[in-house]
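Before any comments, here is the structure.
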Amino acid sequence: MGKSSWFGVIAVAVLGFLCQYFALIWSPPEKTMGNLVRIMYFHVGSAWIAFLAFFVTALFAVIYLIRRNLLFDRIAVASAEIGVVFTSFTLITGSLWAKPIWNTWWTWDPRLTTTLILWFLYVGYLLLRGTIEGLERRARISGIFGIVAFADVPVIHFAVEWWRSIHPQVIDETGFNMPGTMIFTLMFAFAVFFVIYLLLLVLRTRQETQKQRMFLIRQGLQELRAKAFDDSVRGES
Amino acid sequence: MAWSMFWTLVWKELRTELRGGRLVASTLALGVLLFLVVGIALNGASNLTADWSAGLFWMVVFFATSIGMTRADVKEQELGGSLGSLLAPIDRSLIFYAKWFSTFIIVLVSEVGMLIAFLVILNAPVPQNPLHFALVVMGGTLGLTGIGSFLAQLAGSSSLRDILVPLLLFPTTIPLFIALIRLTVISMVPTVSGAHIWVEVLVGYLVLFAVMPFLLYETMMEV
């Protein structure tokens, strides 16, 4: 890691500690849920980042299919991987929150169900990507699925919402349904998760670039070896 | 020109199926077997509610079709027919729509068999509104085969193709799945309301997956 990456890691650590302070000590307990509400700052923040990550995947998939520059494909896959991690975190924190509030680990709430379907869609995206040969074909095929999956998300959400809903509305058409200190903490947590997302995106894209470069060097080396072998066979004959 | 090419491609797919009957036979056999297994798992399943019956019917249809479609074009791949289609001087999305339509016909045939097994083995309630039920089955099959054909082509070059097609298909088709179950329940018990919402979901889904391949299929089939 370079100097800038280390700076990023230290900034995330400091912001992370501040976020813990705001979420666990500074913000007030909720009227009915009490201290259990504190998990919301991590749950909602990570859910928003997960949706953002999948949007970035679809956006860079479109840009890749137009420009055909593999850098955009690397950004798309890095964002999808981070999105899957944040979605997993959302599902786990959601389940932990649901147990004491709804008295169940899992319920068929639209947002919960949509999030789990989203998780499966992008796990499928990563599996599809990981099992296709050829850099460009892989980028093209996974890019198309990234777009299809993202276009399907609103349809999935509305279908599941019409099916059933019991989720608390943190934000509705009247705005945020919570006091100012809680809104500040929630937005601060979101900002911290966003910085973590950006840092991971840069590091993962850089790693993917190095991986592709290594692959191309190895391929070039194999071609050189094959050529050297051909030359030696020709020389002998 | 485009229409005649479309029908030529559809006829080519149907003839290939008529010669071997791979998709009909595999989908139908798997579907009937699944009804049998579900019946045993539910201890004879003699008294299922409309909700349960509709859910089980579509679960079996989705599962059997997705497994069948993963290998639907093996013969074509072996004999180089797919490459020949790609060389035709037509918009490539036309190849997709022909494949979609032919798969729709083939799956519909196997669904007739599955429906009989569903009514007999699971002792399911006969739909009180058969015309409504027939339209739901046709709409559902159209949606399922559309996205299924697209994803089967998409995952065609993957080494995990057999497992990936159902894995990609199920999460993608959840809205369709929910809409079909609700509409099937309504066709079985006409007193249940709310059909218009699910018809909107079904039509919206069909439109989405009819337009998207038109935009993306050409890119997908680049050699």
**Request:** Give the accessible area for A:THR131 in Å² (nearest 10); use a 1.4 Å probe, count only protein heavy atoms, and leave out ligands, DNA and RNA.
**Result:** 20 Å²
**Request:** Hey, for a label at B:LEU83 modelled as a point 7 Å past Cα toward Cβ, could you say which residues of the range B:203-223 have their backbone N under 14 Å away?
**Result:** B:223
**Prompt:** Suppose every K and R has +1 on its Cβ and every D and E has -1 on its Cβ; what is the size of the dipole of the range B:2-220 about the Cα centre, in Debye to the nearest 20?
**Reply:** 240 debye
**Message:** Tell me the per residue accessible area of chain B using a 1.4 Å probe; a whole number in Å² is fine.
**Reply:** 45 Å²
**Prompt:** For chain B, what are the DSSP H helices with axial Cα length of 18 Å or more and mean Kyte-Doolittle hydropathy of at least 1.0?
**Reply:** B:22-41, B:50-69, B:92-121, B:130-154, B:174-188, B:195-220
**Fill in**
Interface A-B: total buried accessible area (1.4 Å probe, Å², nearest 100) of 2400 Å²
**Item:** Centroid-to-centroid separation of the range A:184-220 and the range A:140-162 [C-alpha atoms, Å]
**Value:** 23 Å
**Item:** Solution diffusion estimate, µm²/s, Stokes-Einstein, the range B:2-220, Kirkwood Rh from C-alpha pairs, 4 °C, viscosity 1.567 mPa s
**Value:** 72 µm²/s
**Request:** Compute the accessible area per residue over the range A:185-237, keeping the other protein chains in place, probe 1.4 Å, unit Å².
**Result:** 72 Å²
**Fill in**
Taking the chain alone as reference and the full protein assembly as comparison, with a 1.4 Å probe on protein heavy atoms only, the residues of the range B:113-159 that lose at least 10 Å² of accessible area are B:PHE150, B:LEU151, B:LEU154, B:SER157, B:SER158, B:SER159
**Message:** On a full-extension model of 0.36 nm per residue, what is the gain between A:GLU133 and A:TRP6, subtracting their alpha-carbon distance, rounded to one decimal in nm?
**Reply:** 42.3 nm
**Asked** Given a 1.4 Å probe and every protein chain left where it sits, what share in percent of the accessible area of the protein assembly as shown is carbon and sulfur?
**Response** 69 percent
**Request:** May I ask you to list the lysines whose Cα is less than 22 Å away from that of B:LYS99, ignoring any residue fewer than eight positions away on the same chain?
**Result:** B:LYS12, B:LYS75
**Prompt:** What relative contact order, as a whole-number percentage, does chain B give when Cα pairs under 8 Å and 6 or more residues apart are counted?
**Reply:** 28 percent
**Message:** Rounded to whole Å, give me the distance from the Cα center of the range A:32-92 to that of the range B:119-143.
**Reply:** 39 Å
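The values are calculated or read from the model by the stated rules, or taken from the named source; none is laboratory data. As the structure is a computational prediction, the values presented were derived from the model and not from experiment. Neighbour counts are summed over all protein chains in view; Cβ atoms, including those assigned to glycine, are modelled from backbone coordinates with ideal geometry. Calculation scope for accessible area: heavy atoms of the full protein, side chains included, ligands and nucleic acids excluded. Shrake-Rupley method; radii C 1.70, N 1.55, O 1.52, S 1.80 Å.
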